[in-house]
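Visitor: Starting off with a structure, shown below.
What follows is calculated from the coordinates using simple rules that are stated; it is not laboratory data. Because the structure is a prediction, the values reported are computed rather than measured. No Cβ is skipped: glycine too gets one built from the backbone with ideal geometry, and neighbour counts run over all protein chains shown.
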Amino acid sequence: DVRMAEMDGIATLKEIKALNPAIPVLIMTAYSSVETAVEALKTGALDYLIKPLDFDNLQATLEKALAHTHSIDAETPAVTA
């Protein structure tokens, strides 16, 4: 979410991407602005959803996130001991 008590969603997105750029992150907000949407997508958000959520759109976005994760898993070599 863009507006949260401790840290805003864009700052959280930046921290997540700094830890692992491959993690798919979805931003959801009831307080949408073009500036925030552009910043979120430029920072690496997989998608920017506006509340109230359209559940068909949410399902498609979650499927895209899962496909993204599976493609990363397929590209990442297995670690063996």
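Visitor: What are the principal axis extents of the Cα atoms in the chain, in Å, biggest first?
Guide: Answer, in whole Å and largest first: 47, 29, 21 Å.
Visitor: Quick check on the range 2-41: take the gyration tensor over C-alpha atoms, sort the square-rooted eigenvalues as a ≥ b ≥ c, and tell me if it's rounded (a/c under 1.5), prolate or oblate.
Guide: oblate
Visitor: If neighbour count is taken as other Cβ atoms inside 10 Å, put Tyr48, Tyr31 in order from fewest to most. Walk me through the numbers on the way to the answer.
Guide: Working: Tyr48 19, Tyr31 11.
Exposure proxy ranking, most exposed first: Tyr31, Tyr48.
Visitor: For Met4, Met28, what's the fewest-to-most ordering of other Cβ within 10 Å of each Cβ?
Guide: Least crowded to most crowded, the residues run Met4, Met28.
Visitor: Per residue of the chain, what 222 nm ellipticity follows from adding -39500 (n - 2.57) for every DSSP H run with n ≥ 4, rounded to the nearest 500? Intermediate values should be presented prior to the final figure.
Guide: Working: 3 runs with 42 residues, N = 81.
The per-residue figure over the chain is -16500 deg cm²/dmol.
Visitor: Work out the FRET efficiency for Ile23 and Leu58 from their Cβ-Cβ distance, taking R0 = 22 Å, and round it to the nearest 0.05.
Guide: 0.75
Visitor: Let me ask something additional. Angle check, please: helix 55-75 long axis (alpha carbons) against the longest principal axis of the chain (alpha carbons), in degrees 0 to 90, nearest 10.
Guide: Relative to the chain, helix 55-75 is tipped by roughly 30 degrees.
Visitor: Can you give me the distance in nm between label points at Ile50 and Ser32, each placed 7 Å from the Cα along the Cα-to-Cβ direction?
Guide: The modelled label-to-label distance comes out at 0.3 nm.
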